[in-house]
1. Residue by residue through the stretch 201-208, what is 3J(HN,Hα) from phi via Karplus (6.51 cos²θ - 1.76 cosθ + 1.60, θ = phi - 60°)? Round to whole Hz and write x for glycine and proline.
2. Kindly state, to the nearest 0.05, the FRET efficiency for Ala162 paired with Arg135, given R0 = 25 Å and r defined as their beta-carbon distance.
3. Just to be sure I understand the model, the point goes 7 Å from the Cα along the line to the Cβ. What's the resulting Glu111 to Ala154 distance in nm?
4. Using a probe of 1.4 angstrom, how much of the accessible area of the stretch 11-79 is carbon and sulfur, in percent?
5. Go through the stretch 124-131 residue by residue and turn each phi into a ³J(HN,Hα) via Karplus (6.51, -1.76, 1.60, θ = phi - 60°); whole Hz please, and just put x for glycine and proline.
6. Using θ = phi - 60° and the Karplus form 6.51 cos²θ - 1.76 cosθ + 1.60, what ³J(HN,Hα) does each residue of the stretch 22-36 get, whole Hz, x for Gly and Pro?
7. How much length is gained on full extension from Ala253 to Ala33, taking 0.36 nm per residue of separation minus their Cα-Cα distance?
8. Simple spin-label model, 7 Å along Cα-to-Cβ: Ala90 to Ala41 in nm?
Amino acid sequence: MANLPSELVAAFRGAARPLTPEEEAGLEPVLTAIVERCEAAWPGGWLAPKAFVAHLGLHTPPGEPPTQALAALHCEDLYLALAAVEGQRAALDALDATVLVPAGRAVRRVEDSGAFVDEVLQLTRLRLLVEEGGRAPRLTEYAGRGPLRRWAEAVALGVALALKRRPERSTPLDDALIAADLGAADPELEHIRHRYRPAFRAAFAEALAALSARDRNLLRMGLVQGLGVESLGALHQVHASTVSRWMAKAREALLENTRAGLARRLALNTSQLDSLLRVLDGSLELSLASLLKKG
């Protein structure tokens with residue numbers, strides 16, 4: 001270890017309540033063992049030992065000897081949580097695998113839908129790791145009193161229940177197309193709207209399924225949840241401009257694959273197909289938000 005045990009005690013003391021000399025004397029081997037245990041559980045040296053020990057000091061309950069209080073904490077989980085908040089890539093991957101994926105199984109008790117679970121887990125990850133409205137990431141509130149997996153599961157279930165209670169705000173596709181600003185009434189376009197909506201839905205579903213999970217989630221969170229590129233960038237640990245490029249490419253691929261699906265399904269001449277695509281393009285944002293919500 002790079003830091004002497006006395007340095008660990010000093011770091012702990014700086015964040016915790018005042019300690020007696022007797023408490024400090026018994027603390028050195030305890031802190032040393034905790035750091036070694038956490039580094040063995042999460043190889044790679046994600047955190048500087050003194051920084052982690054100071055974090056332990058912040059979360060050690062007062063009112064009992066610190067060695068006893070530390071023994072009751074889930075220190076390995078505190079280590080993972082702090083490293084994830086600091087953006088350590090390996091820690092974020094471990095958080096997904098050991099905490100969020102198991103939370104998804106609990107979310108399925110609310111609604112057994114893959115799309116619903118994906119949306120809940122993405123929103124949970126956002127809540128845990130990204131500052132929102134001036135509030136620090138929720139993961140900073142984890143105090144190690146219970147398993148991180150159970151704590152995050154409670155957060156995910158809260159997100160899931162809130163989504164289930166949320167009233168529908170998106171415009172149905174049929175209404176969106178009818179409400180599109182198409183200028184003067186056109187009997188041909190009216191005929192296209194009514195006749196080819198089912199084909200559009202089928203082509204859209206096929207195109208959506210062809211996207212990667214990341215791109216589907218980006219479109220859902222951007223168009224349905226209304227999250228901005230800054231928040232999505234923080235969630236994916238990339239710059240907002242990168243998220244903008246991802247979303248633009250995802251929307252382009254979705255539209256192009258929907259057009260290709262329509263071309264395979266419909267026996268239309270070029271003029272009719274062009275007219276249909278003009279209708280669809282004119283209400284693309286509303287159509288995407290409506291169908292992504294259902295998909």
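The values are calculated or read from the model by the stated rules, or taken from the named source; none is laboratory data. This one's a predicted model, so the numbers in the text were calculated from it and none came from an experiment. With ideal geometry, Cβ positions are generated from the backbone for all residues, glycine too; neighbour counts draw on all protein chains shown. These accessible areas exclude ligands, DNA and RNA; they are computed on the full protein's heavy atoms, side chains included. Shrake-Rupley method; radii C 1.70, N 1.55, O 1.52, S 1.80 Å.
1. Karplus values, whole Hz, x for Gly and Pro: 4, 5, 5, 5, 4, 5, 5, 5.
2. Working: r = 16 Å, r/R0 = 0.63.
Approximately 0.95, to the nearest 0.05.
3. 2.4
4. For the stretch 11-79, the apolar C and S fraction of the accessible surface comes to 59 percent.
5. Whole-Hz 3J(HN,Hα) from phi for the stretch 124-131: 5, 4, 4, 5, 6, 10, 10, 5.
6. Values per residue, Gly and Pro as x: 5, 5, 5, 4, x, 8, 4, x, 5, 5, 4, 5, 5, 4, 5 Hz.
7. Contour length minus the Cα-Cα distance gives 74.0 nm.
8. Taking the simple label geometry, Ala90 and Ala41 are separated by 1.6 nm.
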